[in-house]
Every structure is written in C-alpha cells, then in structure tokens.
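Take a look at the structure set out below.
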Amino acid sequence: MKKSIVVFIFSAFLMSQGPTYAAPLYQITVVQSAAKAINYRNLKGSVEIDFKGTVLLPEAKGVAVVQNKAGVMNIKAEFENLTAPSQFGLSI
C-alpha cells in the first residue's frame, strides 16, 4: 500500500512539472528565389551547367554536362565540398 502511494505522489509531481522540450541544436532560415526551368529536348550537342553553394553550404560547387544524342539525354554531374546530409537532421 505504501509503495502505491509513493508512486502516485511521484507521478503527480512529474505531471505538475509540465512537458519538457529540448532546445534545437541549430536554426535554419530558408531563402527562396525563383529558378528558371530549361528544356534540353531540342539541344544539339552538349551544354555545361555550373552549380554554386547556398546559405546552408556556401563552399559547395559543381558542374554538370547535359548531352543529347539522337533523343537520348545523358547527364554527368560532379560536386565538391558537400557535407553529410545528417548534419541537417536525422533521416526519416
């Protein structure tokens, strides 16, 4: 009987403390800008596309080569200075 009273009192104490939440490790502000959509269907030959970093990864960069041969699109892309995606949170 005494154990159940102690457990009840302890449970009531914990419930009165309210929920506890951990503070976030970081805060991200996303800045959105417009991007043009490009159709390479009628491309004759190849074109090179440069990529630059964002606010989240300013040192990131890359390049892609888009090539159209007889209606078959081939894209070769290389990127540098990318970090692990887990730095932005756990995957679901």
Which of the numbered conditions does residue 65 fail, given that it passes all the others? Conditions: (1) at pLDDT 80 or above; (2) in a loop (DSSP other than H, G, I, E, B).
(2)
Would you pick out the residues in segment 56-71 that are loosely packed, with under 13 Cβ neighbours inside 10 Å, of a type in the set (D, E, K, R) and under 26 Å from residue 28 (Cβ atoms)?
59
Please go through segment 36-62 and pick out each residue that is of a type in the set (Lys, Arg) and either in a loop (DSSP other than H, G, I, E, B) or modelled with pLDDT under 90 (or both).
36, 41, 44
Going residue by residue through segment 81-88, is there one that turns out to be open to solvent by 50 Å² or more (accessible area, probe 1.4 Å), in contact with a Phe, Trp or Tyr (Cβ under 8 Å, 6 or more places away or on another chain) and either part of a loop (DSSP other than H, G, I, E, B) or not basic (Lys, Arg) (or both)?
no
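The values are calculated or read from the model by the stated rules, or taken from the named source; none is laboratory data. Source: prediction; values computed, not measured. Note that we place each Cβ from the backbone using ideal geometry, even for glycine, and neighbour counts take in every protein chain shown. Note: accessible area is taken over every heavy atom of the protein model, side chains too, but ligands, DNA and RNA are not part of it. Shrake-Rupley method; radii C 1.70, N 1.55, O 1.52, S 1.80 Å.
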